[in-house]
1. Which residue pairs have Cβ atoms closer than 6 Å, lie 6 or more positions apart in sequence or on different chains, and pair a first residue in segment 56-72 that is modelled with pLDDT of 95 or more with a second residue that is assigned to a helix (DSSP H, G or I) and polar (S, T, N, Q)?
2. Consider H29 against the criteria (1) assigned to a helix (DSSP H, G or I); (2) open to solvent by less than 70 Å² (accessible area, probe 1.4 Å); (3) out of contact with any Leu (no Cβ under 9 Å at 6 or more places or on another chain): it satisfies all of them except one. Which criterion is unmet?
3. Inside segment 95-112, can you point out the residues that are over 12 Å from the mean Cα position of the chain (by Cα), within 17 Å of V50 (Cα to Cα) and open to solvent by 40 Å² or more (accessible area, probe 1.4 Å)?
4. If you check I20, I14, which single one turns out to be under 19 Å from D101 (Cβ atoms) and touching a strand residue (DSSP E or B) at 6+ places or on another chain (Cβ under 6 Å)?
5. Kindly provide the set of residues from segment 37-53 that are at pLDDT 95 or above, surrounded by 16 or more Cβ atoms within 10 Å (Cβ to Cβ) and out of contact with any Lys or Arg (no Cβ under 6 Å at 6 or more places or on another chain), ordered by number.
6. How many residues does segment 31-75 contain that are more than 25 Å from I90 (Cα to Cα), acidic (D, E) and touching a Gly at 6+ places or on another chain (Cβ under 8 Å)?
Amino acid sequence: MEINVERHEGVVVIGAEGRIDSSNSREFHSGIEAAIADDDQGVVVDFERVSYISSAGMRVILLLAKTLKNKGTELALCSMQESVLEIFTISGFDKIIALHDSRSDAVSAITA
């Protein structure tokens, strides 16, 4: 599992790659936390290259959402493959976290 970080207009974009499961969810969580600066307006997690996410990975996203909400920082997720999107939809995460089709849509939604 790899994590890539970019910044666009005050938004940190975190790209994950591979599977997110119990074997690497702590690494995923640490990587995300390390990438976020105190002055970031928002966080976008790009799932374009994520092929699978388990409940352990979903827990990381939920913890991230809670932490960012407490800081007043927006969170958006984007570019999910159909199987990953289905997991987020079935679990109801799409009701509490903004999901976008593309990275540019997610960044635009946060900076608007």
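The values are calculated or read from the model by the stated rules, or taken from the named source; none is laboratory data. The shown structure was predicted, so the numbers you read here are calculated from the model rather than taken from an experiment. Backbone-built Cβ (ideal geometry, glycine too); neighbour counts: all protein chains shown. In case anyone asks, the SASA skips ligands and DNA or RNA and just uses the protein heavy atoms, side chains included. Shrake-Rupley method; radii C 1.70, N 1.55, O 1.52, S 1.80 Å.
1. Every condition considered, the pairs that remain are A56/S25; G57/S25; V60/S25.
2. H29 satisfies all of (1) assigned to a helix (DSSP H, G or I); (2) open to solvent by less than 70 Å² (accessible area, probe 1.4 Å); (3) out of contact with any Leu (no Cβ under 9 Å at 6 or more places or on another chain) except (3).
3. D101, the sole residue that qualifies.
4. Details: I20 fails: under 19 Å from D101 (Cβ atoms).
Being under 19 Å from D101 (Cβ atoms) and touching a strand residue (DSSP E or B) at 6+ places or on another chain (Cβ under 6 Å) holds for just one of I20, I14, which is I14.
5. Looking only at segment 37-53, we keep the residues that are at pLDDT 95 or above, and these are 42-53.
Subset that is surrounded by 16 or more Cβ atoms within 10 Å (Cβ to Cβ): 42-47, 50, 53.
If the condition is that a residue be at pLDDT 95 or above, surrounded by 16 or more Cβ atoms within 10 Å (Cβ to Cβ) and out of contact with any Lys or Arg (no Cβ under 6 Å at 6 or more places or on another chain), then G42, V43, V44, V45, F47, V50, I53 are the ones that fit.
6. Result for segment 31-75: 2.
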